[in-house]
Amino acid sequence: MIYDTHMHCDYSCDSEMKLEDALAAATEQGIGLTVTEHWDYDYPTNPDAFTFDIDEYFARFMPLKSDKALIGIEIGMQTHTAEADKKIAQSHAFDYVLASIHCIGRRDLYEPTCYEGRTRQQIVEEFLHESITCLEQERDFDAFAHIDYICRYWPYTGAERELRLSDAPELFDRLFTLLIEKNKPIEINTRRLDDAAAVAGLLPLYKRYHELGGRFCTLGSDAHYKEHVGRRLQEAMELAKECGLTPVYFKARKMYIMEGL
Ligand SMILES: [Zn+2]
Ligand SMILES: [Zn+2]
């Protein structure tokens, strides 16, 4: 079965999707899902914006949980939150812990001010350095989310919009090698796969991950609305195939290959 392993329901402050609606959308498409509510400690613009009552999340999810409906969390890593992030990952019986970078230097990548007074090169290096530092820390997670998250929000357009290996080849290699050494799949986030330039930009990154020894990827729509559950998974699977990556999902923190693709 194909799994959409990244989506947000109403415990994430930026989503109002009901769990039941997400499940109905997945069932209709014949896919499984993993809900990954946001957890970002010490969010720069609002420290409590992306935290929630995890006990309540479990209490509401458990009656709906099945092999096709898995419970996860997306933890936004910052270099000063490693210990707290690890505790949260281990605090409940999650099926899946997805690790993300939403902030660099205590600045929110979503905010235009994040990029002010810095060159594109400085930003790319800062993003990669922070990602590498986070991954070198003692943490507990299963996969690394949306490497192109920054491309959604930074002010660059045209050829400057996409991350390029040539921007910082050694840093990209270090990042990918860390993931591979820790046996962590890289996520193919489908949010931007409707954009041919984004696909063309992502291809060399995922290919490099594979070249360095990476074998597995997860597929995630990052849906915040029921209409987006399962969105562009087909495109993601094609991209995975082109890069030699095998799509997987996690149940009870164990990796499973998606069957019947
Ligand atoms: Zn995210
Ligand atoms: Zn997300």
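For this structure, a couple of remarks:
- Test: residue 192 is open to solvent by 30 Å² or more (accessible area, probe 1.4 Å) and either farther than 18 Å from residue 68 by Cα or free of Cβ contacts under 8 Å to residues at least 12 places away in the same chain (or both): no
- Residue in region 127-145 that is open to solvent by 70 Å² or more (accessible area, probe 1.4 Å), touching a residue at least 12 places away in the same chain (Cβ under 8 Å) and not charged (D, E, K, R) present: yes
- Taken over region 15-57, the criterion of being over 15 Å from residue 75 (Cα atoms) and either in a loop (DSSP other than H, G, I, E, B) or among the polar types (S, T, N, Q) (or both) is satisfied by 15, 16, 17, 18, 27, 29, 30, 31, 45, 46.
- Single condition residue 52 does not satisfy, out of (1) more than 16 Å from ligand 2 (Cβ to nearest atom); (2) without any contact (Cβ under 8 Å) to a residue 60 or more places away in the chain; (3) not basic (Lys, Arg): (1)
- Residues being in contact (Cβ under 8 Å) with a residue 60 or more places away in the chain and either within 12 Å of ligand 1 (Cβ to nearest atom) or among the hydroxyl-bearing types (Ser, Thr, Tyr) (or both) - total across region 5-19: 7
- Qualifying residue in region 215-224 (condition: at pLDDT 95 or above, among the hydroxyl-bearing types (Ser, Thr, Tyr), more than 16 Å from ligand 1 (Cβ to nearest atom) and buried (at least 20 other Cβ atoms within 10 Å of the Cβ)): no
- Screening region 42-84 for residues that are at pLDDT below 95 and aromatic (Phe, Trp, Tyr) and picking the one that is farthest from ligand 1 (Cβ to nearest atom) gives 52.
- Taking region 80-153 as the region of interest, the helices (runs of 4 or more DSSP H) fully inside it that hold 3 or more residues being over 23 Å from residue 193 (Cα atoms), of a type outside the set (A, V, I, L, M, F, W, C) and more than 16 Å from ligand 2 (Cβ to nearest atom) are 82-89, 120-136.
- One residue stands out among those in region 158-173 that are of a type in the set (A, V, I, L, M) and open to solvent by 20 Å² or more (accessible area, probe 1.4 Å): the one that is farthest from residue 127 (Cα to Cα), which is 159.
- Leading residue by the ranking (most open to solvent (accessible area, probe 1.4 Å)) among those in region 20-40 that are more than 14 Å from ligand 1 (Cβ to nearest atom) and either modelled with pLDDT under 95 or of a type in the set (D, E, K, R) (or both): 28
- Residue check for residue 75: touching a Ser or Thr at 6+ places or on another chain (Cβ under 9 Å) and either within 30 Å of residue 155 (Cα to Cα) or in a helix (DSSP H, G or I) (or both): yes
The values are calculated or read from the model by the stated rules, or taken from the named source; none is laboratory data. Please read these numbers as outputs of a predicted model, since none were measured by experiment. Counting neighbours? That spans all protein chains shown, and the Cβs are built from the backbone with ideal geometry, glycine included. For accessibility, only protein heavy atoms count, side chains too; no ligands or nucleic acids. Shrake-Rupley method; radii C 1.70, N 1.55, O 1.52, S 1.80 Å.
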